[in-house]
Structures are given as C-alpha cells and as structure tokens.
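Trainee: Shown below is the structure under consideration.
The values are calculated or read from the model by the stated rules, or taken from the named source; none is laboratory data. It should be emphasised that the depicted structure is a prediction, and the values quoted were computed from it without experimental measurement. In this analysis, Cβ positions are derived from the backbone assuming ideal geometry, glycine residues included, and neighbour counts consider all displayed protein chains. Accessible surface is based on the protein model in full, side chains and every heavy atom, while ligands, DNA and RNA are left aside. Shrake-Rupley method; radii C 1.70, N 1.55, O 1.52, S 1.80 Å.
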Amino acid sequence: MKWHYEKDIAYENIDINKVKDNIYLFKTMIIASFIEITSHIYERNLNEHYKNDEETTQWLQQTWEPEEVQHGESIKRYINTIWPEFDWEKHYNLFTNDYLPLCKVEALEPTKAGEMIARMVVETGTSTFYKTLVNYAKELKEPVLEDLASKISKDEVYHFETFEKVFKKYKDKEKLTKNDITKILYARLKEINNEDIKIAFEAIQSEQSYDEYINQTKQFAKKYYPYKMATKMFIRPLGLHKSMESAIATIISPAFKILGI
C-alpha cells in the first residue's frame, strides 16, 4: 500500500472542537466507513466473477481489497477520534445484517467487460466523493480530513484506471458497442443514490429521514463536488477522443447538477 493510516495520518492533530458539532460530516463519514470496510465482500464476488483471470484476481486480492478496507479503517479511526461516544461496532452490525444478504455474485453485470464498466462508475463516485471532502476540508480548515480524503481519492483514481485496463481487455472479446456501453452507464447513473448508502444511513438510527439527508447531500454537492472530473471519468468507457471527451464533459456536467448529483 502507498500509505498506512496508522503511520501516515496525524489524527492527533485534529482540532476536535472545529468539527465535533458537524452532524452532516459525522453521518457522511460513518456511511463511508461502513461501505468501505465491507469491501472484502465485493472482492469475494469479483473473484468469483473473474475466477479464470489470474492477473485480475491477484490484483483484487493483493491490492484493491487491502486498500479499500484501509479506507474504511482510516475513516473509522477519524470517527472514533472525534466522536468516541458513537458505538461504531454496534451500528456496523446493524448495517451488515441488512446489507450482506444483498451482496451476491448474481448482482454483478453478466459480462466481464460490463462489470468493469460498473466498477469504473463506482470508482468515479468514490474518487469524486473524496475529492468533494477535500474541497470541504479546505473550507473548514481541517488539514487532517483534507490529507485523509486526498490520499483515499488518489487510491480510487488508481483503482479506476486499473479497472479500465481490465475493461479494455474484455471489451473487444465481448464485442461491446458504444450503444451497449451507454446502456450500462445509464443504468448505473440511475443507481447513484443506491441501496448501500440507504442501508448504511438507516443503521446510524438517526432521527433525520433518509430523504432529508439526501437533499442535504445534493445541496452540499452543488458547492463542493468536482462535476467536470466526474463527468470525464463517467464517459471514459466510451473511448472517445480526448478533445471530444473534454467537450462532452463540459456539455453534460451541468446535467449532473440538475440531477442533484
């Protein structure tokens, strides 16, 4: 791993009073920690899906899963430093009780190239989410959160690029057309506010409704979310020329804002 949360993140330097009452950040970090730390389940399912591809399964086991789980552990440490009164283990168990039964190999895209498109969309979401936290942390003047979110975002971009390589390996074999790719992208776009986030939120047992939290997130995104970065990454599976990719990203970035993403 390129960094280690116990050695490279200065949790002791957090100005706790600056963020202690930030309830939105509190809930958002909990949701992220629950999902990230459960990556071993995703890895198990992906290994089954790509079981005849030793290079890919080896990378999933030795690099992707350890880095993803570390993201969860590092965020959990951040939460425990600021909000030690929150019983993380208790609420995580509530999350896994409802979430793990949904994590099945059958839920993956049926083709190997198609699942890599799905993975690229997920990594687009995570890398830009943490970039959003970087932007927010700068405004808060909270350098520990900024450093942590920056490190995770860079990992997620690397994961995106690796999934893209695997996608390209299978794309021609499976004869995926741009129309096929667009359909998968569109289906994934509709799942932006997906079930794992909802289950994680409900495991917090907050008095706030999920819809209220999502509306709060949409307002938060409009101020801090890197829309152009997200759009360029999202359309990458289409294999457009760089100039065309940039032009289309400029055109459809506002659509992401209209959707509240």
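Trainee: Across region 209-222, which residue is most open to solvent (accessible area, probe 1.4 Å) among those that are over 18 Å from Glu195 (Cβ atoms) and touching a residue at least 60 places away in the same chain (Cβ under 8 Å)?
Mentor: Within region 209-222, the match that is most open to solvent (accessible area, probe 1.4 Å) is Gln216.
Trainee: Residue by residue through region 1-52, note down the ones that are of a type in the set (Gly, Ala, Ser) and modelled with pLDDT of 95 or more.
Mentor: We begin by selecting, within region 1-52, every residue of a type in the set (Gly, Ala, Ser); these are 10, 32-33, 39.
Listed by number, the residues that qualify are Ala10, Ala32, Ser33.
Trainee: Within region 13-47, work out how many residues are loosely packed, with under 15 Cβ neighbours inside 10 Å and over 19 Å from the mean Cα position of the chain (by Cα).
Mentor: So the count comes out to 8.
Trainee: Related question: Among the residues of region 145-161, which ones are in contact with an Asp or Glu (Cβ under 9 Å, 6 or more places away or on another chain) and open to solvent by 10 Å² or more (accessible area, probe 1.4 Å)?
Mentor: Those that are in contact with an Asp or Glu (Cβ under 9 Å, 6 or more places away or on another chain) and open to solvent by 10 Å² or more (accessible area, probe 1.4 Å): Asp147, Lys151, Val157, Tyr158, Glu161.
Trainee: Given the structure, is Lys165 surrounded by fewer than 19 Cβ atoms within 10 Å (Cβ to Cβ), in contact with a Lys or Arg (Cβ under 9 Å, 6 or more places away or on another chain) and at pLDDT 90 or above? Step through it out loud before you land on a result.
Mentor: Values: surrounded by fewer than 19 Cβ atoms within 10 Å (Cβ to Cβ): yes; in contact with a Lys or Arg (Cβ under 9 Å, 6 or more places away or on another chain): no; at pLDDT 90 or above: yes.
No: the conditions fail for Lys165.
Trainee: For region 192-208, what are the residues that are modelled with pLDDT of 90 or more and loosely packed, with under 13 Cβ neighbours inside 10 Å?
Mentor: Within region 192-208, Gln205, Glu207 meet the criteria.
Trainee: Considering region 172-226 alone, what residues qualify as being among the polar types (S, T, N, Q) and either assigned to a helix (DSSP H, G or I) or more than 14 Å from Thr28 (Cβ to Cβ) (or both)?
Mentor: Step one: of region 172-226, the residues among the polar types (S, T, N, Q) are 177, 179, 182, 193-194, 205-206, 208-209, 215-217, 219.
Thr177, Asn179, Thr182, Asn194, Gln205, Ser209, Asn215, Gln216, Thr217, Gln219 - these are the residues of region 172-226 that are among the polar types (S, T, N, Q) and either assigned to a helix (DSSP H, G or I) or more than 14 Å from Thr28 (Cβ to Cβ) (or both).
Trainee: I need the helices (runs of 4 or more DSSP H) fully contained in region 58-144, keeping only those with at least 1 residues that are of a type in the set (Phe, Trp, Tyr) and open to solvent by 40 Å² or more (accessible area, probe 1.4 Å).
Mentor: By residue number, 112-140.
Trainee: Any idea which of (1) aliphatic (A, V, I, L, M); (2) closer than 24 Å to Ser209 by Cα; (3) open to solvent by 10 Å² or more (accessible area, probe 1.4 Å) is the one Ala10 doesn't satisfy?
Mentor: So Ala10 meets the others, but not (2).
Trainee: Given the options Leu140, Leu108, Leu145, name the one that is touching a Gly at 6+ places or on another chain (Cβ under 9 Å) and over 17 Å from Phe34 (Cα atoms).
Mentor: Values: Leu140 fails: touching a Gly at 6+ places or on another chain (Cβ under 9 Å); Leu145 fails: touching a Gly at 6+ places or on another chain (Cβ under 9 Å).
When all the criteria are applied, what remains is Leu108.
Trainee: Take Leu189 and decide whether it is open to solvent by less than 50 Å² (accessible area, probe 1.4 Å), of a type in the set (A, V, I, L, M) and at pLDDT 95 or above. Steps first, answer last, please.
Mentor: Numbers: open to solvent by less than 50 Å² (accessible area, probe 1.4 Å): yes; of a type in the set (A, V, I, L, M): yes; at pLDDT 95 or above: no.
No: the conditions fail for Leu189.
Trainee: Within region 45-53, can one find any residue that is closer than 30 Å to Lys183 by Cβ and of a type in the set (Phe, Trp, Tyr)? Explain how you work it out, then say what you get.
Mentor: Initial filter on region 45-53 (closer than 30 Å to Lys183 by Cβ): 45-53.
Next, only the ones that are of a type in the set (Phe, Trp, Tyr) stay: 50.
Checking region 45-53: at least one residue is closer than 30 Å to Lys183 by Cβ and of a type in the set (Phe, Trp, Tyr).
Trainee: Yes or no: region 232-253 includes at least one residue that is modelled with pLDDT of 75 or more, open to solvent by 50 Å² or more (accessible area, probe 1.4 Å) and closer than 27 Å to Phe26 by Cα.
Mentor: Just the residues of region 232-253 that are modelled with pLDDT of 75 or more, to begin with: 232-240.
Of the ones still in play, those that are also open to solvent by 50 Å² or more (accessible area, probe 1.4 Å) are 232, 236, 239.
Filter once more, so that each one left must be closer than 27 Å to Phe26 by Cα: none.
Scanning region 232-253 turns up no residue that is modelled with pLDDT of 75 or more, open to solvent by 50 Å² or more (accessible area, probe 1.4 Å) and closer than 27 Å to Phe26 by Cα.
Trainee: In region 45-72, which residues are free of Cβ contacts under 8 Å to residues at least 12 places away in the same chain and more than 20 Å from Met1 (Cβ to Cβ)?
Mentor: The answer is Lys51, Asn52, Glu54.
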